[in-house]
Structure formats: structure tokens, C-alpha cells
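Have a look at the structure below, then the notes.
What follows draws every value from the coordinates through simple rules; no lab data is involved. Being a predicted model, the structure only gives us computed values, none of them experimental. Glycine gets a Cβ as well: all are built from the backbone with ideal geometry, and neighbour counts include every protein chain shown.
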Amino acid sequence: GADEDGVVEFLLTATAIGALFKANASISGAEVGCQGEVGSACPMAAGGLAAVMGGTPAQVENAAEIGIEHNLGLTCDPVGGLVQ
């Protein structure tokens with residue numbers, strides 16, 4: 001079971017990762033397709049989970065990176081414009 005401190009740590013870690021995406025790219029599916037949504041949510045969840053399981057900052061970063069690398073180039077990425 002998760003305690004309140006673990007939930008807070010997970011959410012803060014996931015939020016920090018999401019903020020990096022928002023500041024350097026996009027999280028909007030309308031702008032960048034599925035990669036903007038799923039491709040940012042997966043690393044947020046992976047990094048948050050690594051953090052609450054006692055991972056080091058490097059392990060949290062690696063978990064997030066592994067989460068994004070498998071979402072690069074999804075077939076629903078927009079080609080020639082916004083997702084309609």
C-alpha cells in the first residue's frame with residue numbers, strides 16, 4: 001500500500017518530468033499527436049514509480065528515458081498539420 005508521503009513523492013516527481021516536457025516541447029495531442037500525450041505520460045509514470053521505489057536520481061532519469069524512447073514516432077503523429 002502507498003502512504004501519503006509516497007503519493008506526494010510520486011506526484012512531485014511526475015510533475016517535474018511533465019514540466020520539462022512542457023517547457024521544452026509540447027504535451028498537446030493536437031499539436032504533436034499521440035507522442036505529446038502518451039509519450040509524456042509514460043515517462044512521468046515511470047519516473048514517479050522509480051522515485052517511490054527508492055531509486056536514485058539517475059535511476060529516475062533512466063526510467064523516464066526508457067518510457068519516452070518506446071513512444072517516439074508513433075503512427076498517429078501529425079503529418080502535415082494538426083490532428084483533426
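Compute the signed sum of charges (Lys and Arg +1, Asp and Glu -1) over the other residues within less than 13 Å, Cβ to Cβ, of residue 43. Display every interim value, and only then the final one.
On the way: positive: 22; negative: 37, 61, 65, 69.
Here the count lands on -3.
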### Message
If each residue of separation counts as 0.36 nm, what is the full-extension length gain between residue 58 and residue 8 once their alpha-carbon separation is subtracted?
### Response
16.0 nm
### Query
Dividing the Cα radius of gyration by the Kirkwood radius, what Rg/Rh value follows for the stretch 4-69?
1.00
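Sort the following peptides by mean Cβ neighbour count (other Cβ atoms within 10 Å, averaged over residues), highest first: 50-57, 22-29. Before the final figure, lay out the partial values.
Numbers: 50-57: 15.2, 22-29: 13.2.
Descending packing order for the listed peptides: 50-57, 22-29.
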